[in-house]
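The values are calculated or read from the model by the stated rules, or taken from the named source; none is laboratory data. What you are looking at is a predicted structure, and each value in this text was computed from that prediction instead of being measured. Methodologically, a virtual Cβ is constructed for each residue, glycine included, from the backbone with ideal geometry; neighbour enumeration extends over all protein chains shown. Just so you know, the surface numbers come from the protein's heavy atoms only, side chains and all, with ligands and any DNA or RNA stripped out. Shrake-Rupley method; radii C 1.70, N 1.55, O 1.52, S 1.80 Å.
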Amino acid sequence: MKNLQELIMGSGSDSVAVDARGLHDFLEVGKDFSTWFKDMIDYGFVEGKDFSPLSGKSRGGRPRIEYAMALDMAKEVSMIQRTPKGKQAREYFISMEKRAKQAELVMTPEQKIDLLIETGSRANHRLDHVEERMDDFEQNRRLETGDYTTVSRGVSRAVNFYVRDRHLQLTKEQRSALYKDINGGLNQVCGVRARIQIKAKDFDKAMKYIDDWRPSTATKMLIQQTELPLAGVAGD
């Protein structure tokens, strides 16, 4: 996130809130958001006073929590970073606070009510934007290490089962043809060029393909053309 204005979830001296995840992105912190935010809380900030949790959509059975930070907490957190980005954010929050307080002095009661309504609307809009950004991330992130290992082992298991089930004696080239066949089909089904590019959302699709895989007729014919014949093809 490059625009500090986008971090503000409310306006007015008594209602300013800052998107914690957005601030984390702006500060370019070298830790994941959850770890970083917990570290910041350890400085003595109190839930309900300095920050508030906001419900987010569930992802894979794990609910994700966003946080709205009070302006004072946002300023202190920015200062704690001791970086140019932190200094820039803190100075922005200070100037914004001054402007908000000056505007508050000349507001009529009706304008303050309108401000509260607008604050709620802006907060909801900001949350929708965060949700959309996280949805996009979830849709496009690649397989985690454990899931990638599961896919790789599944490929090897499928090839080995095919060979053992048909009591085949294969050359290195024959076995390589089988791996090329299953990997090529897997990449095509998942819409990628290489197995390592498979997205997390396609994990179940990948595993189903592996479970259902059988070599193509072309691959079987190529194998038969090598020195060792492919036994049991007629019954397949």
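From the set of residues in segment 170-195 that are of a type in the set (A, V, I, L, M) and either in a helix (DSSP H, G or I) or within 22 Å of the chain's Cα centre (by Cα) (or both), which is surrounded by the fewest Cβ atoms within 10 Å (Cβ to Cβ)?
Ala194
Only a single criterion out of (1) open to solvent by less than 90 Å² (accessible area, probe 1.4 Å); (2) under 24 Å from Lys205 (Cα atoms); (3) at pLDDT below 85 is not satisfied by Ala158, namely (3). When segment 196-214 is filtered for residues that are over 21 Å from Glu144 (Cβ atoms) and surrounded by fewer than 19 Cβ atoms within 10 Å (Cβ to Cβ), the ones remaining, listed by number, are Asp212, Arg214.
Residues considered: Glu6, Glu28, Glu47. Of these, the only one that is modelled with pLDDT of 85 or more, surrounded by fewer than 16 Cβ atoms within 10 Å (Cβ to Cβ) and touching a helix residue (DSSP H, G or I) at 6+ places or on another chain (Cβ under 7 Å) is Glu28.
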